[in-house]
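Scroll down for the structure; my scribbles are underneath it.
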Amino acid sequence: MTEPIGAYLTRTFAAPPTAVFDAWVTPASFATWWGGSEVIVPLDSVSMDVRPGGTWKATLIVGNGMPEFHFRGEYLEVDRPNKLVMTLTDEPGDEREVLTVILTAVDGGTEMQFSQTGGHLTPEQYAGTADGWGVALMALDALLAA
């Protein structure tokens with residue numbers, strides 16, 4: 001069976017699964033790493049009701065005259081520290097991408113399997129999305145190492 005179209009990344013962090021999970025669901029941590037080190041996520045723009053059916057939102061400011069992106073979504077599955085499933089959009093309407101984070105303890109830290117799926121992007125857009133998540137996950141790695 002082939003994976004659905006999407007962006008898929010696997011990363012290993014030198015931190016326990018609880019620390020990686022909490023970086024996804026704690027506003028101050030999320031604002032620090034989400035989007036990467038070259039963007040700004042104002043802490044006062046981050047709202048998280050971390051429970052199945054709860055919502056989240058955050059504003060990502062790219063700079064250089066680029067617009068602000070107002071992301072939002074819902075939590076579908078919250079299983080600390082093993083799995084987080086949430087939706088994501090910055091568009092009007094009901095279409096959502098699905099972010100899945102699966103965390104597994106490994107020697108020296110945590111392996112994270114990440115995917116963004118939903119079928120609302122072209123293969124080229126998913127490739128760009130994977131690159132963007134790669135930058136964000138480097139910032140997450142730096143946060144966890146600090």
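The values are calculated or read from the model by the stated rules, or taken from the named source; none is laboratory data. From a predicted model like this one, the values you see are computed outputs, not experimental measurements. Glycine also receives a Cβ, built like all others from the backbone with ideal geometry; neighbour counts cover every protein chain displayed. Side chains are part of the model used for accessible areas, which takes the heavy atoms of the whole protein and leaves out ligands, DNA and RNA. Shrake-Rupley method; radii C 1.70, N 1.55, O 1.52, S 1.80 Å.
S37 falls short on exactly one of the conditions (1) part of a loop (DSSP other than H, G, I, E, B); (2) at pLDDT 95 or above, and that condition is (2). Evaluating G53 against the criteria (1) modelled with pLDDT of 95 or more; (2) part of a strand (DSSP E or B) leaves one unmet condition, (2).
Within the range 122-141, the residues that satisfy the criterion of being open to solvent by 60 Å² or more (accessible area, probe 1.4 Å) and in contact (Cβ under 8 Å) with a residue 60 or more places away in the chain are P123, V135, M138, D141.
Mind counting the residues in the range 69-81 that are surrounded by 14 or more Cβ atoms within 10 Å (Cβ to Cβ) and within 21 Å of G119 (Cα to Cα)? Of the residues in that region, 7 qualify. Looking at the range 56-68, can you tell me whether even one residue there is surrounded by 13 or more Cβ atoms within 10 Å (Cβ to Cβ), free of Cβ contacts under 8 Å to residues at least 12 places away in the same chain and touching a Ser or Thr at 6+ places or on another chain (Cβ under 7 Å)? Yes, the conditions are met somewhere in the range 56-68.
In the range 24-34, is there at least one residue being at pLDDT below 95, more than 21 Å from Y126 (Cβ to Cβ) and either in contact with a strand residue (DSSP E or B) (Cβ under 8 Å, 6 or more places away or on another chain) or open to solvent by less than 40 Å² (accessible area, probe 1.4 Å) (or both)? Scanning the range 24-34 turns up no residue that is at pLDDT below 95, more than 21 Å from Y126 (Cβ to Cβ) and either in contact with a strand residue (DSSP E or B) (Cβ under 8 Å, 6 or more places away or on another chain) or open to solvent by less than 40 Å² (accessible area, probe 1.4 Å) (or both).
For the range 82-92, does any single residue satisfy the condition of being touching a residue at least 40 places away in the same chain (Cβ under 8 Å), open to solvent by 60 Å² or more (accessible area, probe 1.4 Å) and touching a strand residue (DSSP E or B) at 6+ places or on another chain (Cβ under 9 Å)?
yes
Residues of the range 101-118 that are polar (S, T, N, Q) and surrounded by fewer than 18 Cβ atoms within 10 Å (Cβ to Cβ): T104, Q113, T117.
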